[in-house]
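I have placed the structure first, in the form of structure tokens, so that the comments after it can refer back to it.
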Amino acid sequence: MELREYLKIFQKNISLILACVVLLAAAVFIYTYRQPISYEAAGNITVVPKSAGELKNVYEYDGYYALQAAAAFTTTITSWLGSPDTVSEIYQKAGLDVGNQSAKALSKFVKTTPIANSFSLKYQLSTTEKEKTSKLAKAATDVVKEKTTSFNQKTSSKLNFEINSDEPIIIENKPPVTLYTIAGTLAGFVLGLFLALLREYFKKN
């Protein structure tokens, strides 16, 4: 086909193409607009072995061991926050009902990411309510601190761990309505062109 033929097909099926554009763009707009806004809490948890004054030079055995143990302890914290029981404790600590969430959903509620070459990890959690998100983020760090204290008491080791946490940042996540609507418009145009060519093909055959 030459370009002129394509233009003729476009002109003959302009109403079909426009209908696809409008319908798909409207569908994407309505769907995206109706999506709930979510609030994400993000913060850091840092493991401190003993206190700074008790640590020896990091090149000495005891100091090096303490730092290595602190880095390894972040893995323990990650396993705590990935446990449905711990997340249930977090909800209880925040004074909230866990509802009918499954164990699998609870295990994925708090996302953790270790920070390379440090004794810290990032944590993230989100809900559809700002106040609820803030309460759960604070409760998460409180539960980790309580579990760490209990861990120190049970192990009876000379090496204890302390937990430092910063104030979590609450981020509002809005669905990108404009971006998705533009994408829907382009997708509608492509779909319209495809249907127009398909229509002409069946007319000739």
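Readers should treat all values here as calculations from the given coordinates under stated rules, not as data from a laboratory. Given the structure is predicted, the values throughout are model-derived calculations rather than measurements. Because the Cβ atoms are built from the backbone with ideal geometry, glycine has one as well, and the counts that use them run over all protein chains shown.
Below are the figures for this structure:
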read-out: Assigned charges on the beta-carbon of Lys, Arg, Asp, Glu; region 88-196 dipole about Cα centre (debye); value: 280
read-out: Furthest towards positive pole of dipole, 163, 150, 120, structure part region 38-173, Cβ charges; value: 150
read-out: Options (i) 1.29; (ii) 0.99; (iii) 1.04 - which one matches Rg/Rh (Cα atoms, Kirkwood Rh) as calculated here; value: (i)
read-out: Residues of region 163-190 with amide N under 13 Å of the 7 Å Cα→Cβ point at residue 35; value: 173-184
read-out: Ellipticity estimate at 222 nm from DSSP helix runs (n ≥ 4, -39,500 (n - 2.57)) divided over the chain, nearest 500; value: -19500 deg cm²/dmol
read-out: Region 38-173, relative contact order [Cα under 8 Å, separation at least 6], %; value: 45
read-out: Residue 149-residue 23 pseudo-label distance in nm [points 7 Å out on the Cα-to-Cβ vector]; value: 6.3
read-out: Dipole-positive endmost among 78, 49, 22 within the chain (Cβ charges, Cα centre); value: 22
read-out: Local electrostatic count, residue 95, Cβ distance below 15 Å [Lys/Arg +1, Asp/Glu -1]; value: -1
read-out: In order through region 182-198: 3J(HN,Hα) via Karplus (6.51 cos²θ - 1.76 cosθ + 1.60), integer Hz, x for Gly, Pro; value: 4, 4, x, 5, 5, 5, x, 5, 5, 5, x, 5, 4, 5, 5, 5, 5
read-out: Surrounding net charge for residue 180, when Lys and Arg each add one and Asp and Glu each subtract one, Cβ distance under 15 Å; value: +2
read-out: Inter-label distance for residue 65 and residue 197, nm, one decimal - labels placed 7 Å from Cα along Cα-to-Cβ; value: 7.1
